[in-house]
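Let me begin by presenting the structure, written as structure tokens, before commenting on it.
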Amino acid sequence: MQNIYPKKNKRLTIVNSQGQRIVGILAERKYTNVTTGNAENEKKRLIIICHGLFGHKNYLFQPLLVSRLVYSSFRFDFRGNGESDGTMTYGGIDNEIEDLALVINYFTNLGWIIVGIIGHSRGANVALLYASSQLRLPSLRFVVNISGRYQMKESFQKRQAKRLPDLYEKGYIDWEIKRKGGKQIYRIFRDDAEKYMSLDMSVVRRIPGHVSVLTCHGSVDKTVPFEDSTNYSELIISHTLRIIRDADHNFSQQPQVLVNIITRWVEEELGIVSSMTRFMKRYGAYINVSRFLAVEGVRNFRDFGGYPVQDGGIVRERILFRSGDLNNITEEGETTLQRLRIADVFDLRSPPEVQKKGIIDASRFGAVRHHIPVFRNEDYYTPEGLSKRWKLYTTGGIKGFVEAYWMIISQCHNTLKQIITILLERPISKPVLIHCTAGKDRTGIICAVLLSALGVPDDIVVRDYAVTELFMNVTEEQKREYSLRTNSLIAPSAIESMFISKPEAMQLSLNKIREMYGSIPEFLINKVGIKEEQLEALREKLVCRKGGGSDDKWMTKLSKL
């Protein structure tokens, strides 16, 4: 449940490298989660809205759509349209992609998280091409394609059939268009027309699977035939198609229907429960092999490979595993680890934790245990030290988690270096297991950094982390035990909040690494001490470029586990 506060509209001007002003309106939505009492506006999620050909930021259904979106939005005029400077050219869709990139970079630098792009007609083409390109954002969760064209050349030739002779004889055609206040002549030059006709929208097949696309198309659209929408449906991995009966290209008679469809779909895409459900459906298994394995006596055990990387390929599965501690593993559990051929176990627990809980003999299932604690200083584990650190989880909200995670990030350099070094030394057929106590925070940070370094998009990385919450069933006895470890400085009732794993906490932690060091690879190179060639070797070793997971012969046997 949420209390929604009215949007605060603010006119903004962003200047591009050519000195041109790009003008838009930021509609900032602020709301408070009445269930938790937390201010949700700190997430700063933003949706970008792109208008169509000859349109502007307040054209058609856009103001209505903005008023109905739960999240903040920014709608703007492409160059040469509305209040923005410059000249719009028919074949200049590259300019409009630059305008979109400018806007996204502007807000990203201000700390906003760009989660979606909504585009109408030509604006939909811009949004789809941006999501298909190497410019795409790791944070991008969805694109809404409203009446977007697919067949560029065929449609232009059909639409301008009577004028085509002029295009090749005179070098231009004059196109009469309807504008507010009357008709207007728009001149299209040959170079522009040829550039437009050469546009290949089949590149949308490159949109990664974690980015969902909703296509909305009117059944009586006379500008773009609804058959174009079926091309997108066939090519895009995660696609939803809605054909709206009796609607035209601009949804002039049915703006409410269109807006209702979009807002409901967006809320489902960005909702915590539904997004986790989709994540589990999409990435909970690969090639019919579950990433979640029952290892008796071990909680939170799973494979964190099998995810797609941004530049193509997939992280090899059945090589990288994560879990909680192994103290209660049974003989059957050890047999499972042996069948998985776990060769190295990385124990991230602190010396006091190991002394208190003990260790297991990893050689019983054919593995070598490496004790590489994140926290070595015993002061972290005095009652006062634990209380100070754990209060960040129990009273600090998302920001508290980020502060606690920064403590892990600042202490984990040696841990990361040893893990990466050993991964490079071992043959690919030797899987590894990373664990701490619960397999949530220290393990979560280490795994997130590794996945990010391999090129897995942030949205997948943070959802992989968030899955841990499904395994965190804390008993009343465990709450009392944790409270006693702080000399009751933290009450048992507050302990449960330590075991949540919100994706926003991991996203903000990754953002902070990038703010401090430039990128995850730069963090590993300049702070952790990994050489650039080692990082490249790690990617070559752990990312399968064949596009379909591992080709190891023992994969079939493991599919039965």
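Test Gly366 against the stated conditions and say whether it is assigned by TED's automatic domain parsing to the domain that holds Leu450, surrounded by fewer than 16 Cβ atoms within 10 Å (Cβ to Cβ), of a type outside the set (Lys, Arg) and in contact with a helix residue (DSSP H, G or I) (Cβ under 6 Å, 6 or more places away or on another chain).
On the way: assigned by TED's automatic domain parsing to the domain that holds Leu450: yes; surrounded by fewer than 16 Cβ atoms within 10 Å (Cβ to Cβ): yes; of a type outside the set (Lys, Arg): yes; in contact with a helix residue (DSSP H, G or I) (Cβ under 6 Å, 6 or more places away or on another chain): yes.
It is true that Gly366 is assigned by TED's automatic domain parsing to the domain that holds Leu450, surrounded by fewer than 16 Cβ atoms within 10 Å (Cβ to Cβ), of a type outside the set (Lys, Arg) and in contact with a helix residue (DSSP H, G or I) (Cβ under 6 Å, 6 or more places away or on another chain).
Restricting to the range 93-105, what's the tally of residues that are touching a Phe, Trp or Tyr at 6+ places or on another chain (Cβ under 9 Å) and not hydrophobic (A, V, I, L, M, F, W, C)? Before the answer, list the steps.
Here is the first cut: in the range 93-105, the ones touching a Phe, Trp or Tyr at 6+ places or on another chain (Cβ under 9 Å) are 93, 95-97, 99-101, 103-104.
Narrowing the set further to residues that are not hydrophobic (A, V, I, L, M, F, W, C) leaves 95-96, 99.
The number of residues fulfilling the criteria is 3.
Which residues, counting only those in the range 481-521, are surrounded by 19 or more Cβ atoms within 10 Å (Cβ to Cβ), more than 17 Å from Gly397 (Cα to Cα) and of a type in the set (S, T, N, Q)?
The answer is Ser483, Thr486.
Of all the residues that make up the range 87-120, how many are touching a residue at least 12 places away in the same chain (Cβ under 8 Å), closer than 21 Å to Gly19 by Cβ and in a helix (DSSP H, G or I)?
Residues in the range 87-120 being touching a residue at least 12 places away in the same chain (Cβ under 8 Å), closer than 21 Å to Gly19 by Cβ and in a helix (DSSP H, G or I): 12 in total.
Does Ile287 count as among the β-branched types (Val, Ile, Thr), within 30 Å of His51 (Cα to Cα) and at pLDDT below 80? Reasoning before the result, please.
On the way: among the β-branched types (Val, Ile, Thr): yes; within 30 Å of His51 (Cα to Cα): no; at pLDDT below 80: yes.
Against the criterion (among the β-branched types (Val, Ile, Thr), within 30 Å of His51 (Cα to Cα) and at pLDDT below 80), Ile287 does not qualify.
Hey, does the range 426-437 have a residue that's in contact with a helix residue (DSSP H, G or I) (Cβ under 6 Å, 6 or more places away or on another chain), part of a helix (DSSP H, G or I) and crowded, with 22+ Cβ neighbours inside 10 Å?
No.
Among the residues of the range 513-544, how many are under 23 Å from Tyr405 (Cα atoms) and free of Cβ contacts under 8 Å to residues at least 24 places away in the same chain?
9
Might you check whether a residue that is in contact with an Asp or Glu (Cβ under 8 Å, 6 or more places away or on another chain) and aromatic (Phe, Trp, Tyr) occurs anywhere in the range 98-110? Walk me through it before giving the result.
Of all residues in the range 98-110, those in contact with an Asp or Glu (Cβ under 8 Å, 6 or more places away or on another chain) come to none.
No, because not a single residue in the range 98-110 is in contact with an Asp or Glu (Cβ under 8 Å, 6 or more places away or on another chain) and aromatic (Phe, Trp, Tyr).
In the set Leu348, Leu392, which member is closer than 30 Å to Lys531 by Cα and not hydroxyl-bearing (Ser, Thr, Tyr)?
Values: Leu392 fails: closer than 30 Å to Lys531 by Cα.
Going through Leu348, Leu392 in turn, the sole match is Leu348.
Please find, among Glu403, Glu469, the residue that is of a type outside the set (S, T, N, Q), in a helix (DSSP H, G or I), free of Cβ contacts under 8 Å to residues at least 40 places away in the same chain and touching a Ser or Thr at 6+ places or on another chain (Cβ under 6 Å). I'd like the intermediate steps shown before the answer.
Numbers: Glu403 fails: touching a Ser or Thr at 6+ places or on another chain (Cβ under 6 Å).
Every option except Glu469 fails the conditions.
Kindly establish whether Leu524 is assigned to a helix (DSSP H, G or I) and either assigned by TED's automatic domain parsing to the domain that holds Thr108 or buried (at least 18 other Cβ atoms within 10 Å of the Cβ) (or both). Before you say what the answer is, go through the steps one by one.
Working: assigned to a helix (DSSP H, G or I): yes; either assigned by TED's automatic domain parsing to the domain that holds Thr108 or buried (at least 18 other Cβ atoms within 10 Å of the Cβ) (or both): yes.
So Leu524 passes the test.
For the list (1) crowded, with 21+ Cβ neighbours inside 10 Å; (2) assigned to a loop (DSSP other than H, G, I, E, B), I need the number of the one condition that Gln310 fails.
Among (1) crowded, with 21+ Cβ neighbours inside 10 Å; (2) assigned to a loop (DSSP other than H, G, I, E, B), the lone unmet condition for Gln310 is (1).
If His413 meets every condition in (1) free of Cβ contacts under 8 Å to residues at least 60 places away in the same chain; (2) farther than 30 Å from Thr330 by Cα apart from one, which number is that one?
Only one criterion in (1) free of Cβ contacts under 8 Å to residues at least 60 places away in the same chain; (2) farther than 30 Å from Thr330 by Cα is unmet by His413, namely (1).
Residues checked against (1) under 22 Å from Lys440 (Cα atoms); (2) crowded, with 20+ Cβ neighbours inside 10 Å; (3) out of contact with any His (no Cβ under 8 Å at 6 or more places or on another chain):
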| site | (1), (2), (3) |
| --- | --- |
| Glu317 | yes, yes, yes |
| Leu326 | yes, yes, no |
| Thr335 | no, no, yes |
| Asp344 | yes, no, no |
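Applying the selection to the range 318-352, what residues are touching a strand residue (DSSP E or B) at 6+ places or on another chain (Cβ under 9 Å) and at pLDDT below 90? Let's see the steps before the verdict.
Taking the range 318-352 as the starting set, the residues that turn out to be touching a strand residue (DSSP E or B) at 6+ places or on another chain (Cβ under 9 Å) are 318-326, 337, 340, 342-349, 351.
Selection gives nothing.
Quick check on my filter: what residues within the range 227-258 are touching a residue at least 60 places away in the same chain (Cβ under 8 Å), under 29 Å from Gln310 (Cβ atoms) and in contact with a strand residue (DSSP E or B) (Cβ under 9 Å, 6 or more places away or on another chain)? Before the answer, list the steps.
Keep residues of the range 227-258 that are touching a residue at least 60 places away in the same chain (Cβ under 8 Å), which gives 228-229, 231-232, 249-252, 255-256, 258.
When the remaining residues are screened for being under 29 Å from Gln310 (Cβ atoms), the result is 228-229, 231-232.
Selection gives Asp228, Ser229, Tyr232.
Looking only at the range 7-22, count every residue that is surrounded by 11 or more Cβ atoms within 10 Å (Cβ to Cβ) and either modelled with pLDDT under 95 or not basic (Lys, Arg) (or both) and tell me the total.
The first filter runs over the range 7-22 and keeps only residues surrounded by 11 or more Cβ atoms within 10 Å (Cβ to Cβ), leaving 7-10, 12-16, 20-22.
Cutting the leftovers down to either modelled with pLDDT under 95 or not basic (Lys, Arg) (or both) gives us 7-10, 12-16, 20, 22.
Counting residues in the range 7-22 that are surrounded by 11 or more Cβ atoms within 10 Å (Cβ to Cβ) and either modelled with pLDDT under 95 or not basic (Lys, Arg) (or both) gives 11.
Which one is nearest to Leu100 (Cα to Cα) among residues in the range 9-27 that are of a type in the set (S, T, N, Q) and in a strand (DSSP E or B)?
Within the range 9-27, the subset of a type in the set (S, T, N, Q) is 9, 13, 16-18, 20.
Then keep just the ones that are in a strand (DSSP E or B); that gives 9, 13.
On the way: Asn9: 20, Thr13: 13 Å.
Looking at the filtered set, the residue picked out is Thr13.
Considering each of Ala466, Ala491, Ala505, Ala453 in turn, give the residue that is among the aliphatic types (A, V, I, L, M), at pLDDT below 85 and not assigned by TED's automatic domain parsing to the domain that holds Val211.
On the way: Ala466 fails: at pLDDT below 85; Ala505 fails: at pLDDT below 85; Ala453 fails: at pLDDT below 85.
Residue meeting the stated conditions: Ala491.
The values are calculated or read from the model by the stated rules, or taken from the named source; none is laboratory data. All values reported here derive from a predicted model rather than from experimental measurement. Backbone-built Cβ (ideal geometry, glycine too); neighbour counts: all protein chains shown.
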